[in-house]
Every structure is written in structure tokens, then in C-alpha cells.
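Colleague: Here's a structure for you.
Every read-out reported here was derived from the displayed coordinates using simple, explicitly stated rules and does not represent laboratory data. Since the structure is predicted, the reported quantities are computational estimates derived from the model, not experimental observations. Please note: Cβ atoms are built from the backbone with ideal geometry, for glycine as well, and neighbour counts cover all protein chains shown.
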Amino acid sequence: MLSHSIRTREVRFACLFGPPRFIARDEASKVYSAVCDALGYDDLVFRYSTSDPPARTSQTRGFSIQLKRQEGSGEFAIIIDNPGIPQPIRLLVTYTWPSSSEHVRENFDTAAEAVWKALADGWQKVVAEVRYRAQVSTPNRSGLEFIRNRILSPGERFVDSLGTPLSTASVRLSVLASRPDEGNSLSNPERELTIEVLREDPSGLYLELKSTWPQLPPSADGGVGLDLSSLQGLRPIDHSPSEYVSESYEYLLEAVQTLEQKEKGK
């Protein structure tokens, strides 16, 4: 039941790239035109702003480009921003309450490609990240009972010692990134999975998965480690947004199916 009731609430794809530089309004307008032409939209809302104070030089000044449109009960948005150099520039593409996963993947790829083409060449992508937010129904129509009995240990005295009745529960699990498998730069990203009672409908569960692909691999002590002499272990950020989104969804689906099997007692 869980895996068949997944409903996507929001999908966010972000990419950090550099070298950081200031993007002025005229170049932002070119990005806007390129995205409109590529997607075939004539109703994208365009907003451009720069950081204060205006006296800051273009070498350090931040900027924000926002393109948005309503789609049904949701929203499609593209943000390209930088709070200020030397931080990398961020490309963020989001969909809330999308009509279908295919629509998300197609528009994410088309929008990102249009942005890259509108900007000058020579960018280096350093991080890719997907946040996938969804909700599922529970067989007993109680998200709290499902977490309490299926994820937490039913006999755990610590939970009972906190007081009764328990009103809500949330579980967050994190997995550190590791070096990608040879020939597969999508493998072994950092993961953070949150499972909690759906606030607007306690009969269900809210799921949020954050998957992060850093260019630099972690070292043995948890920091960033890189052989600068040969750049061994460098993860290329070389996939389309749809591939990162699909990989994240498959991971989330597998997690839900594992919970489903646990619920069935398998």
C-alpha cells in the first residue's frame, strides 16, 4: 500500500558552479529569454535583484534571478543566485505539486540546458543536490502508529518514558557520501532521509530525501580529501538534472518498499 500511494509534493534540483562572478541584469534578461523560448512559456514572472549596498563592486556583489509560473495547484520556479563572491553560484529548479514525474524531468532538463547555454562557457559544476518531498498513506490510517510500531521498537521504554499520549514522531537518518564507484558518478552520494507524521493529515507519512553529490570525496576523518597532484577521486558532476532526480526517486521508492515489507512482516 505504501509504495502505491506515493504522492510527490515537491522536487528540487540544485547545482553549485563557478568560478563565481557577478551576473548583471542584461545577462539575466538573456537567461530569461532563453528559458522562455526553450520551454515555450510566455507567462514566466521575471525578477532580478542585487545585494546591498549598491557601492559593492561587481567582483564581490551578490545577485538573484527568479523565474516563476503557476501550474495548477503548484509552482514551477528557476532561481540563479549568489549571496556574494567568493561563494559559488547556485542554479535551483523546483516543482511543487507536479502533474507527473515525466513533466518534472523534462522541464528540469530543458530549463537547465537553456540556462547553461545563455551563460558564457567555462563553468565548473562542483555539487549537485536533489530534495524529493512526498507523502504516503498508511494501512492503519495512523502515521504515528506506523512510526511507533514499524520504525521504532514497539517495546522501547524511552519513548514511553517521555509521557503519554504521544502526539507525533519524526525519524531522520543520514548516510555520508563516499567515493563513487568506478564509471558511475551517481553512486554513493550523501543521503538524509526524514520520515514523520504528515501534519495536515495524521493518517499519512511525510517523506523527505536529500541526496547530495559533492565533487570532492570525503576523507577518512569525514572531511574533504583529494589528491591534488592527480585529482584522483574527483567526482564529475556530469549528469542531467533528470538523472539525479530519477536516482533519488528510485532510492526513496526502495526505502518505502522496505518499510512496506517490514509492515507485512516479511
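Colleague: Suppose the chain between Arg172 and His103 were pulled fully straight at 0.36 nm per residue; how much longer would it get relative to their current alpha carbon spacing?
Modeller: Details: separation 69, 0.36 × 69 = 24.84 nm, distance 2.91 nm.
Additional length available on full extension: 21.9 nm.
Colleague: Which value in deg cm²/dmol, rounded to the nearest 500, describes the helix-derived mean residue ellipticity at 222 nm for the chain, given -39,500 (n - 2.57) per DSSP H run of n ≥ 4 and division by the residue count? Before the final figure, lay out the partial values.
Modeller: Values: 5 runs with 65 residues, N = 266.
When only DSSP H runs of four or more count, the value is -7500 deg cm²/dmol.
Colleague: How far apart, in nm, are the 7 Å Cα→Cβ label points at Val159 and Ser33?
Modeller: With each label placed 7 Å out from Cα toward Cβ, I get 5.9 nm.
Colleague: Between Glu75 and Tyr41, what is 0.36 nm times their sequence separation minus the Cα-Cα distance? Round to one decimal in nm. Numbers along the way, then the final one.
Modeller: Details: separation 34, 0.36 × 34 = 12.24 nm, distance 1.35 nm.
Between Glu75 and Tyr41, full extension yields an extra 10.9 nm.
Colleague: Here's something else I'd like to know. Exposure proxy check: Leu205, Leu162, Leu198 ranked by fewest other beta carbons within 10 Å?
Modeller: Working: Leu205 26, Leu162 7, Leu198 18.
Neighbour counts put them in this order, fewest first: Leu162, Leu198, Leu205.
Colleague: Counting each pair of different Cα atoms once, what's the Kirkwood radius of the range 88-225 in Å, rounded to one decimal?
Modeller: On the way: mean 1/r = 0.0547 Å⁻¹.
Hydrodynamic radius (Kirkwood, Cα only) of the range 88-225 equals 18.3 Å.
Colleague: Nothing charged except the Cβ atoms of Lys and Arg (+1) and of Asp and Glu (-1): what's the magnitude of the dipole of the range 20-122 about its Cα centre? Round to the nearest 20 debye. Can you show the working numbers first?
Modeller: On the way: 11 positive and 14 negative charges, 104 e Å.
That gives a dipole near 500 debye.
Colleague: Now a separate question. Summing +1 for each Lys or Arg and -1 for each Asp or Glu, what net charge is found among the other residues whose Cβ lies under 12 Å from the Cβ of Pro214? The partial results should precede the final answer.
Modeller: Details: positive: Lys125, Arg179, Arg235; negative: Glu129, Glu190.
Net charge in that neighbourhood comes out at +1.
Colleague: Along each of the three principal axes of the Cα atoms of the range 20-122, give the extent in whole Å, ordering the values from largest to smallest.
Modeller: Computed over the range 20-122, the largest-to-smallest principal extents equal 44, 27, 23 Å.
Colleague: Once you place label points 7 Å from the Cα toward the Cβ at Arg21 and Ser51, how far apart are they in nm?
Modeller: 1.8
Colleague: OK, next. Return the ratio Rg/(2.2 N^0.38 Å) for the range 84-132, where Rg is computed over Cα atoms only.
Modeller: Working: Rg = 12.8 Å, N = 49, 2.2 N^0.38 = 9.7 Å.
My calculation over the Cα atoms of the range 84-132 gives 1.33.
Colleague: Assuming R0 = 35 Å, can you tell me the calculated FRET efficiency for the pair His4 and Asn184, based on Cβ-Cβ distance, to the nearest 0.05? Each step should come with its number before you reach the end.
Modeller: On the way: r = 29 Å, r/R0 = 0.84.
Computed FRET efficiency for His4 and Asn184 comes out at 0.75.
Colleague: So what's the angle, to the nearest 10 degrees on a 0 to 90 scale, between helix 25-39 and the longest Cα principal axis of the chain?
Modeller: Tilt of helix 25-39: around 60 degrees.
Colleague: May I pose another question? Report the FRET efficiency, 1/(1 + (r/R0)^6), for Asn140 and Ser240, where r is their Cβ-Cβ distance and R0 is 30 Å, rounded to 0.05. Numbers along the way, then the final one.
Modeller: Working: r = 40 Å, r/R0 = 1.32.
Once rounded, the FRET efficiency stands at 0.15.
Colleague: Okay, moving on. May I ask you to derive the FRET efficiency for Glu192 and Thr258 from their Cβ-Cβ distance with R0 = 25 Å, giving the value to the nearest 0.05? Kindly include the intermediate steps, with their values, before the conclusion.
Modeller: Numbers: r = 17 Å, r/R0 = 0.67.
Computed FRET efficiency for Glu192 and Thr258: 0.90.
Colleague: Can you count the Lys pairs in the chain with C-alpha separation below 25 Å, eight or more apart or on different chains?
Modeller: Going through the chain pair by pair, I get 9.
Colleague: Across bins of 10 angstrom width beginning at 0, how are the C-alpha pair distances of the chain distributed, in whole percent?
Modeller: 6, 25, 28, 24, 13, 4, 0
Colleague: While we're looking at this one, here's another question. Using a simple charge model, +1 on the beta-carbon of Lys and Arg, -1 on the beta-carbon of Asp and Glu, nothing else, what dipole does the chain show about its Cα centre, in debye to the nearest 20?
Modeller: On the way: 30 positive and 36 negative charges, 122 e Å.
Here the chain has a charge dipole of around 580 debye.
Colleague: Next question, about the same structure. For Lys125, Lys30, what's the fewest-to-most ordering of other Cβ within 10 Å of each Cβ? Mind dumping the intermediate values first?
Modeller: Values: Lys125 18, Lys30 14.
Least crowded to most crowded, the residues run Lys30, Lys125.
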